[in-house]
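Everything on this sheet refers to the single structure shown next.
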Amino acid sequence: MVLKNYTLGQIFHMLILPSLAVTVKMVLISGLLASILGTLLGVALVVTAKDGLSPHPVINRVLDIIVNVIRSFPFIILLISIIPFTRLIAGTSIGWEAAIVPLTVACTPFMGRVIQNALQEVDPALIEAARSFGASKKQIVFRVMLVEAVPAIISGLCLGLINLIGCTAMAGTVGAGGLGATALTYGYQNFNDRIMYTICLVLVILVAIVQYTGDYLYRRLK
């Protein structure tokens, strides 16, 4: 596509806006999946810890190792290394739908650590009080610990979404689409600074929106 004869506004509507929509879909869907899986993972890590509600050293150690191993991979390497798994789940390794798989895999351990750290900060006195009133382990986790940890969880999830935005840009370099692919194909490879820096600005605004929203929710819930 020859872009020399198009204005920046036309380019924005033809290329950047659709790419932004794809990026937002990748972030929201993978963020939601990673948050759900990360919550389960974080709760399991806390509950099975040595001083948890149901101590189980073997399960806790295995989960801890899995989290550390996945988090040690740079996203671009993880993205490429699990292509067979991505094809198994999504049926293809190309496109934004396929990119949701590695994005979720990469973000879940991060979200799990966020939930784990937030739950560990809950005042033990509240847990003991709930126990004294006869609350079950499930009630303690979901009605006491998670409720008390909501502000910290919101703050951590905000950081996770910002991290996902960066990962979607990297995923775009290997066929996922979105802002990263547009910046690479129509900006960098075509020496078009207008597109390159406009996308940079869009990413900055997107990150700022996520951060300010997270800060606002944190202050309201604190």
| said: Among the residues in the range 31-42, are any over 24 Å from residue 172 (Cβ atoms), among the β-branched types (Val, Ile, Thr) and within 19 Å of the chain's Cα centre (by Cα)? | reply: yes
| message | Against the condition under 30 Å from residue 21 (Cα atoms) and among the hydrophobic types (A, V, I, L, M, F, W, C), how does residue 159 come out, does it pass? | response | yes
| request: Check 39, 48 and return the single one that is more than 19 Å from residue 187 (Cβ to Cβ), free of Cβ contacts under 8 Å to residues at least 40 places away in the same chain and surrounded by 18 or more Cβ atoms within 10 Å (Cβ to Cβ). | output: 48
| said: So residue 177 ticks every box in (1) closer than 24 Å to residue 37 by Cα; (2) assigned to a loop (DSSP other than H, G, I, E, B) but one. Which box is left unticked? | reply: (1)
| task | Being small (Gly, Ala, Ser) and assigned to a helix (DSSP H, G or I) is the filter; apply it to the range 113-142 and report the residue that is surrounded by the most Cβ atoms within 10 Å (Cβ to Cβ). | result | 118
| Quick check, is residue 153 under 22 Å from residue 95 (Cα atoms) and either crowded, with 17+ Cβ neighbours inside 10 Å or under 17 Å from the mean Cα position of the chain (by Cα) (or both)? | no
| request: Taking residue 156 as meeting all but one of (1) more than 27 Å from residue 96 (Cβ to Cβ); (2) assigned to a helix (DSSP H, G or I), write down the number of the exception. | output: (1)
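Conditions tested, residue by residue: (1) touching a residue at least 24 places away in the same chain (Cβ under 8 Å); (2) surrounded by 14 or more Cβ atoms within 10 Å (Cβ to Cβ); (3) on the phi > 0 side of the Ramachandran plot.
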| position | (1), (2), (3) |
| --- | --- |
| 144 | no, yes, no |
| 161 | yes, yes, no |
| 170 | yes, yes, no |
| 208 | no, no, no |
| 220 | no, no, no |
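Table: residues versus (1) closer than 19 Å to residue 12 by Cβ; (2) in contact with a helix residue (DSSP H, G or I) (Cβ under 9 Å, 6 or more places away or on another chain).
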site	(1), (2)
134	no, no
141	no, yes
147	no, no
154	no, yes
161	no, yes
164	no, yes
169	yes, yes
175	no, yes
183	yes, yes
| said: Go through the range 54-106 and report how many residues are in contact with a Ser or Thr (Cβ under 8 Å, 6 or more places away or on another chain), part of a loop (DSSP other than H, G, I, E, B) and surrounded by 15 or more Cβ atoms within 10 Å (Cβ to Cβ). | reply: 3
| remark: Screening 117, 190 for residues that are more than 16 Å from residue 47 (Cα to Cα) and either in contact (Cβ under 8 Å) with a residue 12 or more places away in the chain or among the β-branched types (Val, Ile, Thr) (or both) leaves only 190
| field | Residues that are under 17 Å from residue 13 (Cβ atoms) and in contact (Cβ under 8 Å) with a residue 24 or more places away in the chain, drawn from the range 193-206 | value | 194, 195, 198, 199, 202
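Just so you know, all these numbers are worked out from the coordinates, no wet-lab data involved. Just so it is clear, the model here is predicted, and its values are computed rather than measured. Don't worry about glycine lacking a Cβ; one is built from the backbone with ideal geometry, like all the others, and counts go over all protein chains shown.
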